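Colleague: Take a look at this one; I'll ask things after.
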Amino acid sequence: MAGVTATPRGWVRRRLLLGAGQVAAVPVLVFVLTEALPGDAAVVAAGDDPDPARIAALRAALRLDRPAVERFADWAGELTHGELGRSLVGGRPVADHLTEALAPTLLLAALTLTLLVPAAVGLGLLAARREGGALDRAVSTVTLAVYAVPEFALGVLLTAVFALRLGWLPPTAVGGIGRQPAALVLPVVVLLARPVCSTARLVRAGLLDAMAAPYAVHALRCGVPPNRVRLGHALPNALAPVVQHLARTAEWLLCGVIVAEALFVVPGLGTVLLDAVAARDVPVVQGLAVLFGTVTVLLNLAADLAARRLAPRTEVAV
Amino acid sequence: ACSAPGGTAAADRAPAAATPRRGGRLRALFAGGGADETLDPHRVNLFADAARAKALHDKLADWGPDLAAVPRLATGWEPGPGLDVWTVRLREAAFHDGRPVTAADVLYSYRRIADPKRAFRARASLEPIDLAASRAPDPRTVEFRLNRPCAEFPNILAAFGAYIVPEGTEDFRAPVGSGPFSFVSFEPGRALLLRRFDGYWDGAPHVDELEILAAAEESARANALLAGQAEYAHELAPATARAHASGGRIGIVRLRNSAMQGFVMKTDRPPFDDPRVRQAFFHLVDRQELVDGALSGAGEIGNDLFGKGSQYYPAGLPQRTRDLDRARALLREAGAEGLRITLDTSPVAAGLVEAAGILKDQAARAGLTIEVRVGSKDTYWKDILDGGVLASFRSGAMPIESHISQRLLSTSTTNATHWRRPDFDDLYTQAQSTADPVARTALYERMQRRLFEEGGLLVWGFADWIVGHAPRLRGVAADAPANTLDWARFDKVWLA
Amino acid sequence: MSGPELAAVDGLRVRVGARVLVDGVSLRVLPGRVTALVGPSGSGKTTTALALLGAYPEGARVSGTVSLAGAGGAPIGHVPQHPGTVLNPARRVGVLLRDLARVHGGGPEAVRRALRDAELSEVDGLLRRYPHQLSGGQQQRLVLAQALLTGARVIVADEPTTGQDPATAHRLAALFRRLAARGTGLLLLSHDLALVRESADEVVLLADGRAVRTGPPDEVLCAPARPELPPVRPALRVRPVMVPTQAAPVRLDVTGLTARHPGGAVVLREVGLSLRAGECLALTGRTGSGKTTLGRCLAGLHPRHEGTVLLDGEPLPRSVRRRGRQRLAAVQYVFQDARSAFADHRPVLDQVARAAVRLRGRTPPAAAAEAAALLAELGLDPAKAARPPGGLSGGELQRAALARSLIVGPAVLVCDEITAGLDADTRASILAHLADRRDRAGLALLFVSHDPAAVDALADRVATLADGRLHPASAAHPFGRQGAAPPG
Amino acid sequence: MRRYALGLALVAVPLLLALGGPLLVGGPEPRGVSFTAGGGHWLGTDFAGRDVLRQVLLGGRPVVLVAVAATVLGYALALPLALAAALTGRSWVEELLLRPLDVLIAVPALLLVLLVATAVEPGPAGLAVLVGVAAVPDIARVAHAAAVAAASRPVVEALRLHGESWWRIAFGQVARTIRRTLAADAGTRLVGALYLVATAAFLGVGVGPDTADWAVMVDRNRAGLFLQPWAVVVPALLVAGLSTGTNLLFDAALARPGGRAPGAGRRTPGAAA
Ligand SMILES: Nc1ncnc2c1ncn2[C@@H]1O[C@H](COP(=O)(O)OP(=O)(O)OP(=O)(O)O)[C@@H](O)[C@H]1O
Ligand SMILES: Nc1ncnc2c1ncn2[C@@H]1O[C@H](COP(=O)(O)OP(=O)(O)OP(=O)(O)O)[C@@H](O)[C@H]1O
Ligand SMILES: [Mg+2]
Ligand SMILES: [Mg+2]
C-alpha cells in the first residue's frame, strides 16, 4: 500500500490530528513574529512619554523582563488549563476580548457568506452562459471593475450616497449593532463586493471548462435541460477551487476585515487584532492566534472534504 | 501669588450660550482605545480616556485656555515662603455616592499615582512632591511638601491624569468620582453611558445623559455626526472640516494651538552639534508650505518655540521666515554643504509623514539631501528619543514650564533634542524659586530666547484640533486647546 | 414493421479543410428496426452518427440534411464510442441515473429496469460508486442504461460491445432486438460482425466516407465487396501453439498478487503468473473481473496491491513513479480507453514520438520519423496522426496508443482490449505486427481480450480471471460463452 | 482580434502611463494647500499639496512593477508546490507540502506583511517578495484544488508510463488543463497585491506613505474625496483599467475558438456549406 488513506473517516481523523499540530504552530509563529517586532507592551504603553525609568517600571509591572521562552512557556502552561491569560494593557481576561469581538464578526461573516455564495454562483453562471458573448463581457467587465475598487473607497462612496445623501441607512454601527441592525447593510455590501467578483470569476472559469467537457455535452444530449446541466452536472466539477476560495474568504471574514470594521465601527476580531499588535499585547495576540488557527484548520478541513467530494477521482491517484 | 484668575470658563463663552436647555442625551464620538480601555482615571492616555475621566472625576486644578492653572476641586493654593511647601484648600464637593471629597482622598489619589510599581503616566508630573511628608491638617486642607522649590506648583495639580478618586478605590469597573456625570454602564472600546450628577459642585450639567462612543476611523466619526448618530465628534480631519464647513449640516470648531508640530535635531550629534547647522534648518524651512501641505492649512505657523498663545510665551520675538541665502551661508560656514541626513518619521499622528516629505523637498533647495525613513508608529517616540539625528515631532498642549522640565533639562526624561546645558538648567531652577511673577516671566523669556537662537526643536506650526458638532449642540467652547479645562467639557453644553 | 422514419440523413457531406470525412451518406432509422453502420476504422461511422446528433468536428463544413422529424422532439439516445469521457467524474452512478429518470418522468423502478436491461444490476453497490470505479465494460453499459432511461425512440450506439465479454455481448444483442420490438429505432455502429448479424435488420457499409452497400445483413456482409472483411487469417499463427518456450528466460514473474480498490474491495486474490520472453498469455474473463486491474498492477498504475512482481528476476517497484526509465520502457501498458490516454491539445504523432524521446533517448526528429514509420506499419496514416486526438477515429487512436507503447521497445507489453474497436483487416495487421515482435524481439505479451479470434491467433496460453483468481482456461470454452464463468 | 479590443483598450492607458509617465515630469514643485482644485493643477492637489497629475504620471511604474512582480512571484512559488502536492501519490508528501501553508494562512495576510515588514524593513523589491509570499498559501490552495482532478486523469498516468518528465506533466498537462482557473485567480490576485502594498504603506511599512503610487494615492487621498475627487478617482480608474484590461485579455486569450460551447451547435446543418 502506498500510504494512501483509504477511508474518508481515517483521512478526517488524521487531518484533525494534523490540525491540532497546526493550531499549536500558529501561536508559536505569531509569538516569534510579535517578539521580532520592535518594542514591547511597555514601550508602546509609554507612548509619547518614553521615560526610560517609566518603561522599565512598566516592564517590571507587566512581567515583561523575563526571557521570551519563559513567558511563552507560562502562557502555554495556562492554555493547557483552558486559560487564555489576561491582556497586558487593560488587564481584562483575553477570553472576554475574544467573545465580545466574536459576536459582530460572526454576524458579519455569516450574513456575507449567505449572500456571497448565491450571488457569486449566479454571476458566474450568467457569464458562463456564452463565453465571449455580450453578457459574459458585461458581467466580467463590471465585476472586474468593482473588484479593482478598494474596500474603503467603495465604503466611502456607498456611505456618501445611501447614508448621507439619501439617508436610507445608518452610516455606522457606532454604539453597537444591537441598536440599529440596518447598520449592517453597508458593511455587508462592502464586504461582499470583492469576494463576489473573484468568486464569480472562478465559477465562470470552472464552468466554461466543465460545460465544454464531454459529460456536459452528453447530459445535454440525454435531454437534460441546459440549466439543469449547468447547475447539476457542470457546477459540481467547477466548484473545487471555488470552495477553497470560499474557505479563504470565510477565513478573511472571520479574521481580518479590518477596513470594514473601522469604516463602519463594528469592532470585531480584526480591530482587536490590529489594536493588540499595535499595543504589543502579546496574550491577546496569542489568544487570537489560537482562535484563528482553529478557525483556519476547521475551514480548510471542511473545504478539503468538499473538494474531495467534488473531485472523487483523486483518491486513486497513482 | 495665590489663586490664579480666570474662574470657570462659562464667562468666556459666546453670547449664544445665553439660554441653556435642560435634557436629552448627548452622544460624543472619540477615537477610542479598543477593547483594552479601562475607566481607571490614573491610567489615561488617549483623548477618549481624558474625556471619560473628566466627565466622571475632577482634578484639583485644570488648565485654562492659556495653559495657566485654574482651581477646580481646590479653591485656592498658598505657597510657603521657600516655595517648597504649598497649602491647598478644598472646596465643598461630594462624590457620586454622597461622600464628601476630603484631603484623605486627595492624598490617597496622589499616592496611588506616584506608586512606582504602577508606572502611571502622571507619576512624572507629581515627582516634585514629597508625598510621604505631605499631610492633611484637616479634612479640607492638604499641605504638600516638595522636594525643591516649585513656583509652578499649580501646574502639578492640573497635571494630565491627576484625578481625585475616593480613598481606597482600586476597582474601576463602576467608578465613583466627583465629576459632573455619574456612571451608568461601560462597554470597553464601544460606549460609556453616564448620567447627570445633580449634586455637582459646579452646577449640574444641562444634558440628562452623556454617552461617550468610540470610533477609531475619522471618516466614521464624520459620517456618524453627519447622519445624526452623534452630536459631537472629536478630532476631524482638516479636509472633512473644509468639505462641511459651509454646508450647515454640522458645526466646526477649531481648537487653536492644540498641537505643536516640528522637528527635533539632536544637539549633541553631528551634524546638529554645530549650532550653525541647526540655525540653517531654522532658516531653510518654509513654514506656510508645511502648514498648507501637512496640515491642509488647518493651523498656524510656528516660531521654533513651544506653547504659542500660552502663559510665558515670548510673543515679541520676530517671526522667522524662509531665508535660503542665510541658510546656505550658515551651512557653508559649518562645512555642511551637500550633507546627507536621515529624517525619521512615522504615521503616529496626522501630518507627520507629510511634513517629512515637504522638509525633504525644502532642504533639497538648500542643497541638502534628506532621506526619509518611516518607522513603526507603535514605538516611534521611544525610537527617536535616543536614535537618529533628525525626526518629526509633535506634542499636545501643556504649560511651557512642563515642556521645559520634561524635555529640555539635563535631568529630563524625554529630552529628544539632547539639549543639556547646565546654565539653562540653572535658569530653570532660578525661575522655580522666584515667587515674583514678573521676574519669573523674564527668566522664562531668557530661556526661550536661548532656545530660539540655538535650540534643537524646529517648531514649524501649531495644528488646530477640529471638533465637529450637530447644529443643535450649543455651548461648545472654541478657545480651548486640547487637554485644557473647556476642551471636551460636556457639563456646560446643551441640546437646543 | 417499419413505420414513418424516425430520423434520416440525406446526402451528408462533412469536410474538414481539404479532407472529406463523410461523402454523401444517406441512411434512415426506422421504428422497430436496427440499422447497422459498418465499415473499416476511419470510414466515417462515428462522424455520420454524430451528425445525426447535431455535432460535427471542429471547423467542419457540412452539407446535406439531417431530419429528426419522426423523433418527436425527444432526445436521441447515444452510447458514444468512448464512454469514459461522457460520465461525470464528480457524480455517483445513482445520481447520474436518477437525474435522467427524473427528467424523463421515471422513478426508481425505471432506473432498476434500465440497469437490468443494460446487464448492470449484478454489480454490487453500483449506485453508490463513481464512474471511475467501474470497469471499462461496466462504464459502457452504464452509458447504455442512460440511453435507455431517456426513453428515446432513436438510439445511436457506437461500438456498444467493445468492452464486453462474448456472453454479455450476446445478451446485449438480444436487448437491441427487444428494444426494436418495442418500436425503437436503433443505429448500431460496430465492428463486431457477429453482433451485427445477430441484431441488425439493415446494414449500411461505409468505406472512405461513402456508403458502398446497403441491405440486409446477410447480403451486405457476405457479398464479396471491396473492402473485404476477411476473417482473421489462420496464417497469423506463426508457430504451433504447442511449441515449448521453456528455453526462453522468464521475463515476468508474478506471485501472490492481491489488489484492492479504495474502500477495501479485493479485486485480485493471490494471482500468480509468469511470462517468458517471446510468449503470449491471453487473459480473458467476464467484464469487471479484474483484467484491467491486473494489467495496471503490472504497469505500476495501481500501487494498491500486495505480492511480488519480478522483472528478469528483480522486483519491480509497485508504483510507476519509482521505476526508472529502463524499467518503464521494459514494462508497457496499452490503455483500454485510448482516447483518455492522450492529451487533448497535442498532435498524436508528437505524443507517440515523445515516448521514444523520453524512454529511448532519441532526438526529437529521429523519434518523429520512427513514430511515423511505426504508425504506418500499424496501418495509420502519419498525416492523420499529426492531428490532435479529437481529429482521429476511435480505431485510429487505438493504434496510436499501441504505437506509443511499442515505440519504447518494451520487453513486456500488457495490451488491454486493443482490438475491440477495429475492423478485421486492421486487427489482422496489428496482430501480425505483435506476433512479429513476439517472435523476433522476444516480446512477452499479456493480451487482455474478449475477442476469441484474436486470442486464437496470438496466444500461447489462455488464462481466465474469475472471482479474483486466475484459472487456466479450458481449451473447449475459453470464454465461458455458456455462462460458465461467474458473473463479474 | 476583435475580442482583444476591449481588453487592450483598457490596459493601454495605464500601461503607457506607467512606462512613459516618469519621462514626462520635471523636478518637484513647491506645494500648495492640500486637496484644492484648480490653481494651475489640472487634477488639483493631493493630501500633501502636491500636483495630482505629476503624482499620477510618476505613480504607475511602482504599481505595475511591485504588483506584477508580487503576483508572478506568488505564482512561481505556489504553483509548483500545488502541482507537486496534486501529483504526488503519497498523502504524507501532500500533507507535508500543504499543511505548513495552513499555518501561514491562519495569520491574516496584512498582519503577516505588517509583522515581517516591521521586523525587517524591506525596500520595494523586498515588499514585492513579501506580498508575493503572503499570497502563496491562497494560490496554492486554489491551484491545488483545481489540479487534483486534472492530475488524476488517465492521461497523466499515460504520461508517467511513458517516462514524461515531472515538469512537463505538471506544467504541460496539469497546469494547462486548469489554466482558466489559474488565470481567473491570478487576474484578481493582481489587484489584491496592489492594495496590500498600499495598505502596508499606510501602516508604515514598505514604500513610504507619500510615495507616488496609484494604489497608495487612492488610499491616502480618500480623506479629500469630497473636496477634490480627482486625486482618488484618476488613480482608481487607472488601477481598475489595468486589472480589468488584463483579465479581459486573459479571457480573450483563453476563449475557445468560435466562442461557443461544443454541443451548442446547430442541430440541422444548412443546405450550403
Ligand atoms: N476505483 C475503483 N474503486 C472500486 N472498484 C473498482 C474501481 N475500479 C474498478 N473497480 C471494480 O473492480 C472490478 C475490476 O475492474 P477492472 O477494470 O479490472 O475489470 P475488467 O476485467 O478490466 O473489466 P472490463 O472487461 O469491463 O474492462 C470491477 O468490478 C470494477 O467495478
Ligand atoms: N476534426 C477532424 N479533422 C480531420 N479529420 C478528422 C477529424 N475528425 C475525424 N477525422 C477523420 O475522419 C475519419 C472518420 O472518422 P470517424 O471517427 O468517423 O471514423 P469511424 O468510422 O468511426 O472509425 P472507428 O471505427 O475507428 O471509430 C477518420 O479517418 C478521422 O481521422
Ligand atoms: Mg468510430
Ligand atoms: Mg478492463
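Colleague: Can you pull the three principal axis extents for the Cα set of the protein assembly as shown, in Å, largest first?
Modeller: Projected onto the principal axes, the Cα atoms of the protein assembly as shown cover 138, 68, 64 Å.
Colleague: Probe radius 1.4 Å, ligands and nucleic acids left out: can you give me the accessible area buried at the A-D interface, summed over both chains, in Å² to the nearest hundred?
Modeller: That pair of chains buries around 5500 Å² in total.
Colleague: Once both labels are modelled 7 Å past Cα along the beta-carbon direction, what's the A:ALA36-C:ARG102 spacing in nm?
Modeller: For the pair A:ALA36/C:ARG102, the computed spacing is 5.2 nm.
Colleague: Something else about it: Tell me whether chain B comes out rounded, prolate or oblate; compute the Cα gyration tensor, take square roots of the eigenvalues as a ≥ b ≥ c, and use a/c under 1.5 as the rounded threshold. Could the numbers behind the result be given before it?
Modeller: Values: a/c = 1.95, a/b = 1.31, b/c = 1.50.
It comes out oblate by the Cα gyration axes.
Colleague: How large is ³J(HN,Hα) for each residue in the range A:25-40, as worked out from phi by the Karplus curve 6.51 cos²θ - 1.76 cosθ + 1.60 (θ = phi - 60°), to whole Hz, x for Gly and Pro?
Modeller: Rounded to whole hertz, the list is 6, 4, x, 5, 4, 5, 4, 4, 5, 5, 5, 6, 5, x, x, 9.
Colleague: Which whole-angstrom value gives the distance between the alpha carbon centres of the range D:215-235 and the range B:439-496?
Modeller: So the separation of the two Cα centres works out to 31 Å.
Colleague: Could you check how much of the accessible area of the protein assembly as shown is carbon and sulfur, as a whole percent, using a 1.4 Å probe?
Modeller: Working: 32570 of 56080 Å².
That fraction is 58 percent.
Colleague: Which residues' amide hydrogens lie under 5 Å from the amide hydrogen of C:TYR333, considering only partners 5 or more residues apart or on another chain, with H built in the peptide plane?
Modeller: Sorted by chain and number, the residues that satisfy this are C:VAL414.
Colleague: Considering amide H positions built from the backbone, and no H for Pro or chain starts, which residues 5 or more places from C:ARG213, or on another chain, come under 5 Å of its amide H?
Modeller: Result for C:ARG213 returns C:LEU205.
Colleague: Return the whole-Å distance between the Cα centroid of the range A:232-270 and the Cα centroid of the range D:114-191.
Modeller: Between the Cα centre of the range A:232-270 and that of the range D:114-191, the gap is 20 Å.
Colleague: When Lys and Arg each count +1 and Asp and Glu each count -1, what net charge do the other residues less than 13 Å away from C:LEU187, Cβ to Cβ, add up to?
Modeller: -1
Colleague: Using the heavy atoms of the protein chains and a 1.4 angstrom probe, tell me the accessible area per residue for the range A:99-278 in square angstrom. Can you show the working numbers first?
Modeller: Working: 5590 Å² over 180 residues.
With all protein chains present, the range A:99-278 gives 31 Å² per residue.
Colleague: Quick one: which bits of the range B:178-194 get at least 50 Å² less accessible when the partner protein chains are in, versus the chain alone, with a 1.4 Å probe?
Modeller: When all protein chains are present, B:ARG190 each give up 50 Å² or more of accessible surface.
Colleague: Turning to a different aspect of this structure: Please find the FRET efficiency linking A:ARG228 to C:ARG171, where r is the Cβ-Cβ separation and R0 is fixed at 35 Å, and quote it to the nearest 0.05.
Modeller: The calculated FRET efficiency here is 0.60.
Colleague: Using r as the Cβ-Cβ distance of B:ARG118 and D:LEU96, and R0 as 35 Å, what FRET efficiency do you calculate, to the nearest 0.05?
Modeller: Calculated transfer efficiency: 0.10.
Colleague: Taking the Cα centre of the protein assembly as shown as the origin and placing charges on Cβ (Lys, Arg +1; Asp, Glu -1), which of D:ALA193, B:ALA435, C:SER449 is farthest toward the positive end of the dipole?
Modeller: C:SER449
Colleague: I would also like to ask the following. Once you sort the root eigenvalues of the Cα gyration tensor of the range B:307-362 as a ≥ b ≥ c, which label holds: rounded (a/c under 1.5), prolate (a/b larger than b/c) or oblate (the other case)?
Modeller: oblate
Colleague: Sticking with this one: Using a loss threshold of 30 Å², tell me which positions in the range A:155-171 are less accessible in the complex than in their chain alone. Probe radius 1.4 Å, ligands and nucleic acids ignored.
Modeller: Output list: A:VAL156, A:LEU164, A:PRO171.
Colleague: For chain C, what does the accessible surface come to per residue with a 1.4 Å probe? Please give it in Å².
Modeller: 36 Å²
Colleague: If amide hydrogens are placed 1.01 Å from N in the peptide plane, which non-local residues have theirs closer than 5 Å to the one on B:ALA216?
Modeller: Correct list: B:GLY32.
Colleague: Please label the shape of the range B:184-282 as rounded, prolate or oblate, based on the square roots a ≥ b ≥ c of the eigenvalues of the alpha-carbon gyration tensor (a/c under 1.5 means rounded; beyond that, a/b larger than b/c means prolate, else oblate).
Modeller: On the way: a/c = 2.77, a/b = 1.97, b/c = 1.41.
Here the range B:184-282 falls in the prolate category.
Colleague: Applying the Karplus parametrisation 6.51 cos²θ - 1.76 cosθ + 1.60 with θ = phi - 60° to the phi angles of the range B:74-81, what ³J(HN,Hα) value in whole Hz is obtained for each residue in order, glycine and proline being reported as x?
Modeller: After applying 6.51 cos²θ - 1.76 cosθ + 1.60, I find 7, 8, x, 9, 9, x, x, x Hz.
Colleague: Hey, which of these cross-link pairs are over 25 Å Cα-Cα: B:LYS54/B:LYS266; B:LYS117/B:LYS382; B:LYS59/B:LYS492; B:LYS54/B:LYS377; B:LYS266/B:LYS308?
Modeller: Pairs exceeding 25 Å: B:LYS54/B:LYS266; B:LYS54/B:LYS377.
Colleague: Can you give the helix-only mean residue ellipticity at 222 nm for the protein assembly as shown, where every DSSP H stretch with n ≥ 4 adds -39500 (n - 2.57) and the sum goes over all residues, rounded to the nearest 500 deg cm²/dmol?
Modeller: Result for the protein assembly as shown: -14000 deg cm²/dmol, rounded to the nearest 500.
Colleague: Which angle between 0 and 90 degrees, to the nearest 10, do you get for helix B:352-365 versus the longest principal axis of chain B when only C-alpha atoms count?
Modeller: Value to nearest ten degrees: 20.
Colleague: Within the range D:36-61, what residues put their amide N at less than 16 Å from the label point 7 Å along the Cα-to-Cβ vector of D:LEU24?
Modeller: Within reach of a label on D:LEU24, which here means backbone N under 16 Å from a point 7 Å along Cα→Cβ, the range D:36-61 contributes D:41-44, D:51-61.
Colleague: Another question about this same structure. R0 = 22 Å: FRET efficiency of D:LEU8 with A:LEU135, Cβ-based, nearest 0.05?
Modeller: 0.60
Colleague: Would you be so kind as to identify which of B:LEU210, B:VAL277, B:ALA227 lies farthest towards the positive end of the dipole of the range B:200-294, taking Lys and Arg as +1 and Asp and Glu as -1 on Cβ and the Cα centre as origin?
Modeller: In the range B:200-294, that residue is B:VAL277.
Colleague: Can you give the percent of C-alpha pairs in chain A whose distance is more than 34 Å?
Modeller: So the pairs more than 34 Å apart make up 40 percent of the total in chain A.
Colleague: If you don't mind, another one. Which residues of the range B:223-242 end up with at least 20 Å² less accessible area in the presence of all protein chains than when their chain stands alone, using a 1.4 Å probe?
Modeller: B:ASN223, B:ALA227, B:GLN229, B:ALA239, B:ARG242
Colleague: Work out the length of the dipole vector of the protein assembly as shown about its Cα centre, built from +1 on the beta-carbon of each Lys and Arg and -1 on the beta-carbon of each Asp and Glu, and round it to the nearest 20 debye.
Modeller: In total the dipole reaches around 5580 debye.
Colleague: Can you list the HN-Hα couplings for the range B:110-126, worked out from phi with the Karplus curve (6.51, -1.76, 1.60; θ = phi - 60°), rounded to whole Hz and with x for Gly and Pro?
Modeller: For the range B:110-126, the Karplus-derived couplings read 5, 5, 5, 4, 7, 4, x, 5, 8, 6, 6, 4, 6, 4, 4, 5, 7 Hz, x marking Gly and Pro.
Colleague: If you don't mind, there's one more thing I want to ask. For the pair A:ALA60/B:THR19, report the inter-label distance in nm, with labels modelled 7 Å from Cα in the Cβ direction.
Modeller: Taking the simple label geometry, A:ALA60 and B:THR19 are separated by 6.1 nm.
Colleague: Also, I was wondering about something else. Tell me the per residue accessible area of the range D:2-257 using a 1.4 Å probe; a whole number in Å² is fine.
Modeller: Roughly 34 Å² per residue, with all protein chains present.
Colleague: Continuing with this model, one more query. Please compute P(r) over all alpha-carbon pairs of the range C:150-197, binned at 10 Å starting from zero, and give each bin as a whole-number percent.
Modeller: Pair shares across the bins are 27, 58, 15.
Colleague: How many nm separate the modelled label positions at B:ARG365 and B:GLN430, each set 7 Å beyond the Cα in the direction of the Cβ?
Modeller: Here the modelled spin labels are 3.9 nm apart.
Colleague: Please give the total accessible area that chains C and D bury against each other, computed with a 1.4 Å probe and expressed in Å² to the nearest 100.
Modeller: 2700 Å²
Colleague: Follow-up question, since we're still on this one. Between the helical axis of D:52-87 and the dominant principal axis of chain D, each derived from Cα atoms, what acute angle in degrees is found, rounded to the nearest 10?
Modeller: 20 degrees
Colleague: Take the alpha carbon atoms of the range A:33-78, find their center, do the same for the range C:376-441, and report the distance between the two centers in whole angstrom.
Modeller: 75 Å
Colleague: Which of these, D:GLY44, D:GLY59, D:GLY89, has the largest mean-square fluctuation under a Gaussian network model of chain D (Cα springs below 10 Å)?
Modeller: Residue with maximal mean-square fluctuation among D:GLY44, D:GLY59, D:GLY89: D:GLY89.
Colleague: Give the lysines whose C-alpha is closer than 18 Å to that of C:LYS384, dropping any in the same chain fewer than 8 places away, or say none.
Modeller: Straight-distance partners of C:LYS384: C:LYS45.
Colleague: Residue by residue through D:32-40, how many Cβ atoms from other chains fall within 10 Å of the Cβ on average?
Modeller: 4
The values are calculated or read from the model by the stated rules, or taken from the named source; none is laboratory data. No experiment lies behind these values; they were computed from the predicted model shown. As a convention, Cβ positions derive from the backbone with ideal geometry for all residues, glycine included, and neighbour counts pool all protein chains shown. Only protein heavy atoms, including side chains, enter the accessible area calculation; ligands, DNA and RNA are left aside. Shrake-Rupley method; radii C 1.70, N 1.55, O 1.52, S 1.80 Å.
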